[in-house]
Amino acid sequence: MKPIVLFGSPGSGKGTQAKMLTDCLGVPHFSTGDMLRDRIRHGNQISPMVAAKMHSGALVSDELVNQLVMEQITGPEASRGFVLDGYPRTLAQAEHLCKWLDGSGLREVVIHLAVDYNVIIARLTGRRMCPRCGTLYNVASRPPRVDEQCDLDGQKLVIREDDSEEVIRERLAAYDRQTRPVLDYYRKAGRRVVQVDANYDPPGVIFQRIRGAVEADDCSKNGG
Ligand code: AMP
């Protein structure tokens, strides 16, 4: 099973699709945003400056996220493949990852979840999260069964600190400035990038598109 890189702007549905992929394929899901939030929650080896950067919508250092990702993808859990969500987000991160994959004889498939700007704004401003288990909801497209409560553990849902409108604008600017160029890097390097329309269809339909792309890629590599 090859590594899958889920690529897209904030609000493109990477987290939702990553969870569906890992359930279906039985491989782990590594989200750098979750790793960072988890460490901040547990006061774990993360400086207050990192938390402040995240809350402002800016990216944290390449060095830190490269290290967090390497700890995961070199572990035994990742030996049968993995899904990366929110990484790489800069050229330096992409180069770091590609170098490691090439050295390990692995070739990723990059899935680009393409979503229009207005759709993203609507999604992010309606987003709610369970502070205990991390499940994501959306007041418009995926409301919880009971208003403002997590379906799984009944916790009161929260708005992520970086989902305020001002911070959303900064996150999208960071995406345009630092992350979008990563797609060109992959394309120019002749690596496989599959664009998936992730605008309006329900997550299950978008998931089938991704799955089709991943399977087609596996078949072409195996001569099928
Ligand atoms: P996410 O949950 O993926 O939207 O990430 C939330 C925040 O964590 C981002 O706005 C960044 O501050 C930080 N972050 C997550 N992944 C990365 C990354 N690959 N590089 C730099 N910062 C990151």
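Numbers at a glance
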| read-out | value |
| --- | --- |
| Solvent-accessible heavy-atom area per residue, rounded to whole Å², over the chain at 1.4 Å | 51 |
| Net lengthening on full extension, ARG169/LYS188 (0.36 nm per residue, minus Cα-Cα) | 4.0 nm |
| Length added when fully stretched, LYS99-GLN45, from 0.36 nm per residue minus Cα-Cα | 16.8 nm |
| Histogram of C-alpha separations across the chain, 5 Å bin width, % | 1, 6, 14, 19, 21, 19, 12, 6, 2, 1, 0 |
| Which of ALA52, GLY126, PRO88, positive extreme of dipole for segment 1-136 (C-beta unit charges) | GLY126 |
| Under 12 Å, Cβ to Cβ, from ALA189 - net charge with Lys/Arg +1 and Asp/Glu -1 | +2 |
| Charge sum, other residues only, whose C-beta stays under 14 Å from THR135's C-beta, Lys/Arg counted +1 and Asp/Glu -1 | +4 |
| Contact order relative to length of the chain, as percent, for alpha carbon pairs under 8 angstrom and 6 or more apart | 29 |
| Farthest toward positive dipole pole in segment 128-224 [+1 Lys/Arg, -1 Asp/Glu at C-beta], among ILE159, ALA173, GLN208 | GLN208 |
| Dipole magnitude of the chain about its Cα centre (Cβ charges: Lys, Arg +1; Asp, Glu -1), debye to nearest 20 | 220 |
| Label zone at SER56 (point 7 Å along Cα-to-Cβ), backbone N below 20 Å, segment 144-168 | 160-168 |
| Neighbourhood charge, 10 Å Cβ-Cβ cut-off, centred on GLY11 and excluding it, Lys, Arg +1 and Asp, Glu -1 | +3 |
| Stokes-Einstein D for segment 136-224, Kirkwood Rh over Cα pairs, 37 °C, 0.692 mPa s (µm²/s) | 196 |
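The values are calculated or read from the model by the stated rules, or taken from the named source; none is laboratory data. Because the structure is predicted, anything quoted here is derived from the model rather than measured. Every residue, glycine among them, receives a Cβ derived from its backbone with ideal geometry; neighbour counts consider all protein chains shown. Quick note on the areas: whole protein, heavy atoms, side chains included, nothing else; ligands and nucleic acids left out. Shrake-Rupley method; radii C 1.70, N 1.55, O 1.52, S 1.80 Å.
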